[in-house]
1. Below 21 Å, Cα to Cα, which lysines can Lys344 reach? Residues fewer than 8 away in the same chain don't count.
2. Quick one: Cα centre-to-centre distance for the stretch 164-235 and the stretch 350-410, in angstrom?
3. Given the Cα-Cα distance of Ala249 and Gln447 and 0.36 nm per residue of separation, how much length would full extension add, in nm?
4. Say the cut-off is 22 Å between C-alpha atoms; which of Lys79/Lys147; Lys50/Lys141; Lys54/Lys351 go over it?
5. Where does each of 419-429, 180-190, 107-117, 165-175 land if you order them by average Cβ count within 10 Å, highest first?
Amino acid sequence: MKVNNWLLHLGLIITVAISLVLPAIIWFNPATFQRDSKSSTATGDQLTTKTNKKLGDIYLPTQVVQNKENVSYQLSSSKVDLVQKMRQQIKRWTPTSISQQSFKTDNDYQALLDQNNALALNYGSAVNINLFNQAFGQKIKKFRTAKYNRILVLLGNKRWIYLMNDQKRQVYLIKFKSASIQKFMTNLTSTSLLQLPVDYVLQNGQYQLSYNQTVKLPSYSYLINKASASSLVPQLLGSNNQSTITTKAQKNETIYADGEDNRMRFNNQTGEIKFSSYSKENYYDGSQRLHVKRLSYNSRLRQSFLRISSLSNYLDNVRFAAYDPTDSEVIFRSFVAGFPIMTKNSYGTFKIQITNFSGQKYIFSIYSLQAQVPSSGQQVTLPATDQIYRQLLQAGLTANKIQQIEIGYQWQTNHSSKLVVDLVPTYFVKYNGQWNSYQGWISAQTQTSQQ
């Protein structure tokens, strides 16, 4: 065996061993790590916070794009978290004013987005200034419910930030007192940063990234955590008395019900959990039960965060990814090097739906990412976005049903260890409201045409 391969396997064995020893230590002496996580239960309910992640940690931007010399580059790295670096800078700044600006045309709006010597921090869907305050440690009082989906930071001498709303072509300009940004600028020269040339393309009222040449991205390997489905039963079904919960096996599923309005379906093969509830009191304000008939957008995002933080200890890689207004669904995904994990069976994904009249649905997986482990880091070459689009059309997909094309990571089984998952980059396509890899859509279309 070559020396490099031997070292790779040795590193993997050591990492896996550590992952097994630490849980054992915590099991026999949980106080050892008690300060690393918090557990707070709202009065009179079963909503328990398992993680020390805060609301502002989850509602952070997911993409970073730098404009320089009239070219835009998406910046990607598994070692340097530019969003967190910029977050730490902005937390130190003191705002002096905020004003609203509107643009009459898409061209005028995009001219601001494309301006040189600027950094764009992009969201998958809109958030509001309330969440900006919490994520970036600010206390802006005006326009707090105003929505935006990207932050444009000027990297020159002016300390200006634009909160940009693509759909309405509205911008909120925040001016700050002069503050140093030199520490952050050194991160932009890091050798671990990939610079991927991109263009902005307007789709469905929001600018999406289009890769104008082939893209080379590394694969990654991660240790995975497997939660116990049975441990979620009393939490989700709202009862510690197991005798009140019925269990039914059906094909590859185990269905748990409490005899009232709560049901949990567990897929024994994939590890996916689907929970639904129509009880009359499902909303929480963090300290006590709060039943309301209608939720504001800000409340809906906040409530969804409370739910994912009660379901998993492992949210280090998880960010807000999208909001689907058709069914009021808030989607969170695990992100690696600025790209989402988008795959079947809800690996790395939480989908939270809270209806206006007390209903709620969760879809998530018992599997989650822990720590990155040494891997071959094999490079995968992906075509330009236009080539993917042409392949989809040639396969017979309808152009007006192709809603979005983006790069993400596919969750694949590691053949050397069941404790490890491989993440491999590819294109994903939202077609007629559904996500799938571009290979998956082409394969499905080929099978349909052959029938």
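No value in this document is a laboratory result; all are computed from the given coordinates. Remember, it's a predicted structure, so these values are computed and weren't measured experimentally. Counting neighbours? That spans all protein chains shown, and the Cβs are built from the backbone with ideal geometry, glycine included.
1. Lys226, Lys251, Lys274, Lys361, Lys401, Lys418, Lys430
2. Centre-to-centre (Cα) distance: 15 Å.
3. Once the chain is fully extended between Ala249 and Gln447, it gains 68.1 nm.
4. Those over the limit are Lys79/Lys147; Lys50/Lys141.
5. In descending order of packing, they fall as 419-429, 165-175, 107-117, 180-190.
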